[in-house]
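Please treat every number below as a calculation from the coordinates, not as lab data. Predicted model only: the values in this text are computed from it and were never measured. Backbone-built Cβ (ideal geometry, glycine too); neighbour counts: all protein chains shown.
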Amino acid sequence: MSDKLFYENPLTTRYASREMLINFGDEKRFRLWRKLWVALAESEMELGLPITQEQVDELKAHIDDIDYERAEEYERQKRHDVMAHVAAFGDVAPSAKGIIHLGATSCFVDCNSELIIMHDGLDIIENKLVNVMDKLRTFALKYKDLPTLGYTHLQPAQLTTVGKRATLWLQDLMLDYESLQNLKAHFKLRGVKGTTGTQASFLELFDGDENKVKELEKRVVKKMGYDKVYGVTGQTYPRKFDYNVLCVLSQIAQSAYKFSNDIRLLQHMKEVEEPFEKTQVGSSAMAYKRNPMRSERMGSLARYLISLPMNSAVTASTQWFERTLDDSANRRIVNAQAFLTADAVLTIYMNVAENLVVYDKVIAKHIAQELPFMATENIMMECVKAGGDRQVLHERIRELSQEAGANVKVNGGENDLLDRIRKDPLFNAAHDKLDSILEAKNFIGRAPHQTVEFIENEIDPILEKYRAVLGATGEVRV
């Protein structure tokens, strides 16, 4: 049967990285289940339950020995994935079959493994995020002095620099980084809580010894590499945590979307382009086109990711008492796809950010078309210093500006305001200084210094901690 017969998720086949796909794959999930069962059995043994070292050793020996066909057969019989894997684990570790999952509920493995997977997923996102920041840092410093038109309302405003504009993209990502760090700082496992979170089954196992129950949870969590647990739970960890995670991923998507839109607009203006390969085809009909497909894809995926936190919010708000199961199928889809999408967005972002092409002559041309209007105040003040009447000069320069604007808009001509000023004797005092007045660098304010200061004070201290992982590249597969 053709493998093209069935629908395949494009996040898996086209966009997400192998690293993130493995992180959310069944192999990792089910190995985590077995590690959790081993940690539970070993900790119960250490605290005096009738479990032998031989049983624990046999479980450890078969953590990676998963017969998926056997597990799937058990699931068809039992209609319960956790019990199916308990049975499959028992088949390869028969001496320990009777003590696997002792005192636990399904959410012991489900919730704890899901949290670990998300934590590892956040590590992947974190590394990609700082790599994007590093690439934008390089770009910003390279072009910190290059004047460009700044826009408000998508109308030419005052000048800025190409590098200063890049710091705005960079600052968005820095805010996302801070949100991510805050999320990770408060990360907790569900721990060992029992069916409704009361630990009643474990209290029974330890003959009412609450200290041993509390110690059991500490030991299991420590064996899994963590040290924090939720103080109270129902059957599951709080589903609001999923919402918090997806909100952070959404913030990253918002930043990427903003960047991708800016690049698309700049590419339309022919000032800055995303990378375009020699054999790349822009259009099936218009061979001359150089479409910004990477930025468009980034925006498309980011839009999907931005929409996902609402789904998690609904899930968190509709849980009944200690737990209902209507979250399960939903979360299998939403959580994984949120991470796969964020991963794909950052991969494209890396690719674009490290390969941007800047056309400085086009940028200079656009500045020349607008700068005479922006320089009118400077020209007027030069004439005032030479004894001119400010109000008369203001009225005349207003008239000349209107005439020059009409020449551009009505006649389709160039901005000839400077020629008009040169011909007007009212501005004689400024005629010899027009070239120096019109130098673009006179209109960029502190943009170059702001760029350097921001990077040195706020970005470099972050990136310094990640030197070992910087230098990654974003591979766009299709």
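Explain nothing, just compute: Karplus ³J(HN,Hα) = 6.51 cos²θ - 1.76 cosθ + 1.60, θ = phi - 60°, for every residue of the range 300-316 in order, whole Hz, x for Gly and Pro.
5, 5, 4, 4, 5, 5, 4, 7, 6, x, 4, 4, 5, 5, 5, 4, 5
Contour minus end-to-end for residue 473 and residue 19, with contour as 0.36 nm per residue of separation and end-to-end as the Cα-Cα distance?
Contour length minus the Cα-Cα distance gives 162.1 nm.
Suppose R0 equals 60 Å; then what is the FRET efficiency for residue 364 and residue 27 from their Cβ-Cβ distance, rounded to the nearest 0.05?
Given R0 = 60 Å and the Cβ-Cβ separation, E is 0.60.
If you bin the C-alpha pair distances of the range 11-99 every 5 Å from 0, what whole percents do you get?
3, 14, 21, 20, 15, 12, 8, 4, 2, 1, 0
How large is ³J(HN,Hα), in whole Hz, for each residue of the range 436-443 in order, when computed from phi with the Karplus curve 6.51 cos²θ - 1.76 cosθ + 1.60 and θ = phi - 60°, using x for Gly and Pro?
6, 4, 7, 5, 4, 4, 6, 10
How high is the FRET efficiency from residue 102 to residue 68, r the C-beta distance, R0 22 Å, rounded to 0.05?
Efficiency at R0 = 22 Å is approximately 0.35.
What percentages, rounded to whole numbers, describe P(r) for the range 376-437 computed over all alpha carbon pairs with 10 Å bin width beginning at zero?
Bin by bin from 0 Å, the calculated values are 24, 52, 21, 3.
Which value, in debye to the nearest 20, gives the size of the charge dipole of the range 376-437 about its Cα centre, when Lys and Arg are +1 and Asp and Glu are -1 at the Cβ?
Using only the charged Cβ atoms, the result is roughly 100 debye.
Note down the nm distance, to one decimal, between modelled labels 7 Å out along Cα→Cβ at residue 171 and at residue 80.
Modelled inter-label distance: 5.6 nm.
Search the structure for amide H atoms under 5 Å from the amide H of residue 150, placed 1.01 Å from N in the peptide plane, and list their residues when 5 or more places away or on another chain.
Hits under the 5 Å cutoff: 157, 158, 159, 160.
Using +1 at the C-beta of Lys and Arg and -1 at the C-beta of Asp and Glu, which of 38, 53, 85 has the Cα lying farthest in the positive direction of the dipole of the range 11-99?
Positive-most Cα among the choices belongs to 85.
List the residues, sorted by chain then number, that are 5 or more residues from residue 474 or on another chain and whose placed amide H is less than 5 Å from its amide H.
351
Just list whichever of 28/135; 78/222; 365/409; 270/423; 35/193; 144/441 have alpha carbons separated by over 23 Å in the model shown.
The answer is 28/135; 78/222; 270/423.
Using 0.36 nm per residue, how much length does the chain from residue 424 to residue 465 gain when fully extended, once their Cα-Cα distance is taken away?
8.7 nm
Working from Cα positions, state the angle (0 to 90°, nearest 10) between the long axis of helix 390-409 and the longest principal axis of the chain.
70
Near the amide H of residue 229, under 5 Å away, which other amide H atoms are found, from residues 5 or more places off or on another chain, if H is placed in the peptide plane?
Under 5 Å from the amide H of residue 229 lie the amide H atoms of 189, each far enough along the sequence or on another chain.
Per residue of the range 239-249, what does 6.51 cos²θ - 1.76 cosθ + 1.60 with θ = phi - 60° give for ³J(HN,Hα)? Whole Hz please, x for Gly and Pro, Karplus curve as stated.
So the J values, rounded to whole Hz, are 5, 5, 5, 4, 4, 4, 5, 5, 5, 5, 5.
To the nearest 20 debye, what charge dipole does the range 11-99 have about its Cα centre, counting +1 at the Cβ of each Lys and Arg and -1 at the Cβ of each Asp and Glu?
440
Residues in the range 370-399 near a label at residue 442, defined as backbone nitrogen under 14 Å from the 7 Å Cα→Cβ point?
Label zone hits: 371-386.
So, in nm, how far is label residue 389 from label residue 409 when the simple model puts each one 7 Å beyond its Cα toward the Cβ?
2.9
Once the piece of chain linking residue 210 and residue 276 is laid out straight, how much longer is it, given 0.36 nm per residue of separation minus the C-alpha distance between them?
Between residue 210 and residue 276, full extension yields an extra 17.3 nm.
In the chain, with Lys and Arg counted as +1 and Asp and Glu as -1 at Cβ, which of these residues, 185, 102, 391, has the Cα nearest the positive end of the dipole, that is, farthest along it?
The one lying farthest along the dipole's positive direction is 391.
Cα centroid distance between the range 162-232 and the range 62-91, in Å?
Rounded to whole Å, the Cα centres lie 28 Å apart.
Could you tell me the convex hull volume per residue, in Å³, taken over the Cα atoms of the chain?
206
Using Cα atoms only, what is the angle between the long axis of helix 376-385 and the major principal axis of the chain, expressed in degrees (0 to 90) to the nearest 10?
The two axes meet at around 50 degrees.
With r as the distance between the Cβ atoms of residue 329 and residue 261 and R0 = 30 Å, compute the FRET efficiency 1/(1 + (r/R0)^6) and round to 0.05.
In this case the efficiency is close to 0.30.
Residue 372: net charge of surrounding residues, Cβ under 15 Å, Lys/Arg +1, Asp/Glu -1, itself excluded?
-3
Based on other C-beta atoms within 10 Å, arrange 44, 382, 296 from fewest to most.
By the 10 Å Cβ count, ascending, the order reads 296, 382, 44.
Using the Cα centre as the reference, give the magnitude of the dipole from point charges on the C-beta atoms of the chain (Lys, Arg: +1; Asp, Glu: -1; all else neutral), rounded to the nearest 20 debye.
It comes to approximately 960 debye.
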